[in-house]
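Some notes on the structure that comes next.
The values are calculated or read from the model by the stated rules, or taken from the named source; none is laboratory data. Computed from a predicted model, the values in this text were never measured in an experiment. Cβ placement follows ideal geometry from the backbone for every residue including glycine, while neighbour counts extend to all protein chains displayed. When the accessible area is computed, the model is the full protein with side chains, heavy atoms only, and any ligands, DNA or RNA have been set aside. Shrake-Rupley method; radii C 1.70, N 1.55, O 1.52, S 1.80 Å.
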There are 2 protein chains.
Amino acid sequence: MNENDITVNLASTSKIDSVDFENLIFGTVFTDHMLICDYKQGVWEKPVIKPYEPFLIDPSAKVFHYGQAIFEGMKAYKDEHDDVWLFRPDQNFERFNKSAVRLAMPEVPESVFMDGLKKLLQIEKAWVKTGKGNSLYIRPFMIATGPGVVAAPANFYRFMIILSPAKSYYSGEVKVIIAEHYSRAANGGIGAAKAAGNYSAQFYPTKLANEMGYQQIIWTDDATHTKLEEAGTMNVFFRINDTLYTAPTSERILDGVTRKSLIDMAKREGINVEVRSVLVDELIQAAEDGSLKEIFGAGTAAVVNPIVGFSYKEKYYELPKLENPIALQLKEKLNNIQYKLAEDTFGWTVKV
Amino acid sequence: MNENDITVNLASTSKIDSVDFENLIFGTVFTDHMLICDYKQGVWEKPVIKPYEPFLIDPSAKVFHYGQAIFEGMKAYKDEHDDVWLFRPDQNFERFNKSAVRLAMPEVPESVFMDGLKKLLQIEKAWVKTGKGNSLYIRPFMIATGPGVVAAPANFYRFMIILSPAKSYYSGEVKVIIAEHYSRAANGGIGAAKAAGNYSAQFYPTKLANEMGYQQIIWTDDATHTKLEEAGTMNVFFRINDTLYTAPTSERILDGVTRKSLIDMAKREGINVEVRSVLVDELIQAAEDGSLKEIFGAGTAAVVNPIVGFSYKEKYYELPKLENPIALQLKEKLNNIQYKLAEDTFGWTVKV
């Protein structure tokens, strides 16, 4: 398929002039158009780009009853020459189809996902603003639209891409609590998939954490609660002395694009990186003896999210305030690649 | 609230005459009307009963992205006097709101859930057919309709009830495989909630089991795979000699209405029932020494689903073919109560 195989129905007017790009709330404003591609009993139909608007769906659609829904999170950046760039989109595309397999959904062809995304971004180019911190958040997702209240995979699916302009934000000081009871993923479960159901499962425990004054939860393994696995909806890194640690990906841990990019960048910078599970006991020990220097989350939305302290068994451990933390060094370097302000020697950026 | 607080817009014509009630496929045919009740920023609006039809929803609705979606499964039965009965609807209502809390969704008032259901059933009374085996499957569900691609609970929700006429069906001989790798629930997860996301997580492992010739999976605990927990989307019972065993409810195991009703009925029949985890090793031992007599699933849709054999570590264990299995005795007794053919000494049935 090439771009000519996409039907395009443009909006008669753009709402872009009504958007306050200086005061965006993440994930709440959408661009003028969206991409839709339907899958009917074994065949992907022709993708359509059309005005962003609500769509009709049957009350018995399986997405509502059995949660067949997956998504990706990506960003587009604009450089100083007004060109739009994607960051490692191949990784998101591959992961999307891995999620699809795990949820017994059809895989989306590259021509639909990639060519569709590029065509949509060309149309919405004005929504990607120049300047560091500005980006266009990309949300590809797929839902089971097929009807029927019987617990089995659907016959009909809808793949969509919607776009939301974003500004980098300072989320305030992030304090976290280490999970002692609740969990985000089972062994042999769907924790490694970007499945919608994984996220709502976190809302209630996160609400409880919020009420106690913590913004996020550091998730531990569900069987023993001794291994540190993710932070909120992000992968998590720990710096003990001058070594960075992050858990290996597994059935319980998402293979984050930011996570693996940070690992590669840190290694090239000569930083010692160990990909292994950090135990809660180790973390407490390191916090107490002063060797724990940093904790930070890594994900597409915030890129890097430094954590100022954590709570465990009702004791709060404050992290040191460093002059030049590795978290912010890596964030700066990654952002510079994403915004084409530094040479991309990794070959991660793709021009739209 | 009473029934007068429900807006009713009746369909101009009924499609009931076009339905072949002798050849229903479970969960595929819906009645003329549905109930909708919207929740907007803290307030439940007035419920509406209207023709069953697709509805409009925003592409960024959180149900699509973060899986905030819960449901219940219930049935209505018609007795010989043309009266319609529900079976323990209070249990479904309570469990629905427990699921809501776990998914950080608003609880639905009894006036909306119960009065709404009863009013809807009065309107759809003709869809509940007399005769054992006929029933009207009831699907109350709630989805997050609030927009936004940020992983946090929505501000807008929709509660709905849809109805699907059902016939008891013979599903063929059910062979199962015991899970050695995949799992349905985490400790500290949402396995005890009727959350949509729990079901799609099972589709892929079930597809693999189907390909090997097994209709369902017996789920084990995710940490050790040594404890037998559920069968497919049902609770599971094991009969060893003359004792029935079923796992205790937990964070990983759904508090099934059929499960607890069978426990109560079996006890009253003088059958020894032990609510405790059965170990895989115990099951193999019992299968080998001949003390394993029956395995059956218990759930609303099939009530009781006898299993003819199971596979574990590539070995298949056939169950004995009994003259008068406890599974079918209990099913018959429970059905008789549900269809008002036997006295309901438990007080489980509620007239609509």
Open item on the list: List the pairs from B:LYS40/B:LYS98; A:LYS98/A:LYS167; B:LYS75/B:LYS119; A:LYS267/A:LYS331 whose alpha-carbon separation is above 24 Å, in the order I gave them.
Closed with: A:LYS98/A:LYS167
Task: Inter-chain shielding of A:66-79 (mean C-beta neighbours from other protein chains, 10 Å cut-off) - done: 4
Task: Accessible area that becomes buried as B packs against A, both chains, 1.4 Å probe, Å², nearest 100 - done: 4800
- [ ] Shortest first and in nm with one decimal, please list how far the B:GLU173 label point sits from its counterparts in the other copies (point 7 Å along Cα→Cβ).
- [x] 6.8
Open item on the list: Just to be sure I understand: chains A and B are related by a rotation, so which residue of A has its Cβ closest to that axis, and how close in Å?
Closed with: A:GLY197, 1
TODO: Output, in nm with one decimal and in ascending order, the distances from the A:LYS351 label point to the matching label points of the other copies (7 Å from Cα along Cα-to-Cβ).
DONE: 7.9
Task: Among A:VAL150, A:ILE218, A:ILE240 the positive-end extreme of the charge dipole of chain A (Cβ point charges) - done: A:VAL150
Task: 10 Å Cβ neighbours from other chains, averaged over peptide B:202-208 - done: 6
Task: the range B:3-169: relative contact order in percent, alpha carbon pairs under 8 Å with at least 6 residues between - done: 34
Task: Karplus 3J(HN,Hα) series, Hz, for the range A:173-180 with 6.51 cos²θ - 1.76 cosθ + 1.60 (x for Gly, Pro) - done: 6, 9, 9, 10, 10, 7, 5, 10
Open item on the list: Going by average Cβ density within 10 Å per residue, which order do the peptides A:269-277, A:197-205, B:262-270, A:106-114 take, highest to lowest?
Closed with: A:197-205, A:106-114, B:262-270, A:269-277
- [ ] Report, in whole Å, the centroid distance computed from the Cα atoms of the range A:253-285 and the range A:154-216.
- [x] 20
- [ ] Find the centroid of the Cα atoms in the range B:97-131 and in the range A:222-237, then give the distance between the two in whole Å.
- [x] 38
Open item on the list: For chain A, what does the helix formula give at 222 nm: sum of -39500 (n - 2.57) over DSSP H segments with n ≥ 4, over the residue count, nearest 500 deg cm²/dmol?
Closed with: -6500 deg cm²/dmol
Task: Counted charge near A:ASP255, where neighbours are those whose Cβ lies closer than 14 Å (Asp, Glu -1; Lys, Arg +1) - done: +1
Task: Net charge contributed by nearby residues that have their C-beta within less than 11 Å of B:TYR52 (K/R +1, D/E -1) - done: -2
Open item on the list: For chain B, what does the relative contact order come out to in percent, with C-alpha contacts under 8 Å and a separation of six or more?
Closed with: 18
TODO: Kindly rank A:55-64, A:211-220 from highest to lowest mean number of other beta carbons found within 10 Å of each residue.
DONE: A:55-64, A:211-220
Open item on the list: Applying a 10 Å radius around every beta-carbon, put A:147-158, B:323-334 in order of their mean neighbour count, most first.
Closed with: A:147-158, B:323-334
Open item on the list: Suppose you put the label 7 Å out from Cα in the Cβ direction; list, shortest first and in nm with one decimal, how far A:PHE21 is from each other copy's label.
Closed with: 6.3
Task: Interface residues, the range B:174-191 - accessible area loss of 30 Å² or more versus chain alone, probe 1.4 Å - done: B:HIS181, B:TYR182, B:SER183, B:ALA186, B:ASN187, B:GLY188, B:ILE190
Open item on the list: Within 13 Å, Cβ to Cβ, of A:ALA287, how many net charges do the neighbouring residues add up to if Lys/Arg are +1 and Asp/Glu are -1?
Closed with: -2
- [ ] Treat every Asp and Glu Cβ in the range B:3-169 as -1 and every Lys and Arg Cβ as +1, leave all other atoms uncharged, and give the resulting dipole magnitude about the Cα centre to the nearest 20 debye.
- [x] 440
